[in-house]
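I have placed the structure first, in the form of structure tokens, so that the comments after it can refer back to it.
Derivation of every value follows stated rules applied to the coordinates shown; laboratory data play no part. As the structure is a computational prediction, the values presented were derived from the model and not from experiment. For neighbour counting, all protein chains shown are included, and Cβ atoms are generated from backbone atoms with ideal geometry for every residue, glycine included.
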């Protein structure tokens, strides 16, 4: 199995204990947490629990949420993570999401990591369809998904609890045949 995954600038790999401080730093940045569903502030205890738990999961197990660390090759620094869930069935589907530390925004890392994950799903795992969702106010995420070729398929009103208010979401999808053309 080709995991960890690599791109020109990144390594997509399992989390390690050594990632805790970097993970906590971006999880506790209010701008990063703004459109995410985790509780804020994000405690060290919760980070340790997360990394301990995610290390027990295979990166390619059907029906189980997985989060992979995004490491910058040049420095070995953790700069974010990719969430995904590979679904069950005759024509498997997957769900993706991404989070980057603010200091690495607008440098193409989220796009590069997500593109590699989509290649992995469509070329190596024969996934039929991948979906993603994002807050309607998260214009950077909207633009990223659309730049990657995702199609906006739905707009859900007050569908996601953000901790103190109900947020709206866009749902996106892309098919294997659309990605490969």
Review point. Under a GNM of the chain (C-alpha, springs under 10 Å), which listed residue has the highest mean-square fluctuation: 69, 25, 94?
Key: 25
Check your understanding: So how far, in whole Å, is the C-alpha centre of the range 29-43 from the one of the range 164-181?
Key -> 21 Å
Check your understanding: For 105, 179, what's the fewest-to-most ordering of other Cβ within 10 Å of each Cβ?
Key -> 105, 179
Exercise for review: Would you mind telling me which residue in 47, 18, 68 has the biggest mean-square fluctuation in a Gaussian network model of the chain, where springs connect alpha carbons within a distance under 10 angstrom?
Suggested key: 18
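If the chain between residue 124 and residue 55 were fully stretched, how many nm would it gain, using 0.36 nm times the residue separation less the Cα-Cα distance?
Stretched fully, the residue 124-residue 55 segment lengthens by 22.6 nm.
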Revision key, fill the gap. The exposure ranking of 57, 130, fewest beta-carbon neighbours within 10 Å first, is 57, 130
Exercise for review: Express the relative contact order of the range 5-131 as a whole percentage, based on alpha carbon pairs under 8 Å and six or more residues apart in sequence.
Suggested key: 26 percent
Practice item. Could you tell me whether the chain comes out rounded, prolate or oblate from its Cα gyration tensor? Rule is a ≥ b ≥ c as square roots of the eigenvalues, rounded for a/c under 1.5, then prolate if a/b exceeds b/c, otherwise oblate. Key: rounded
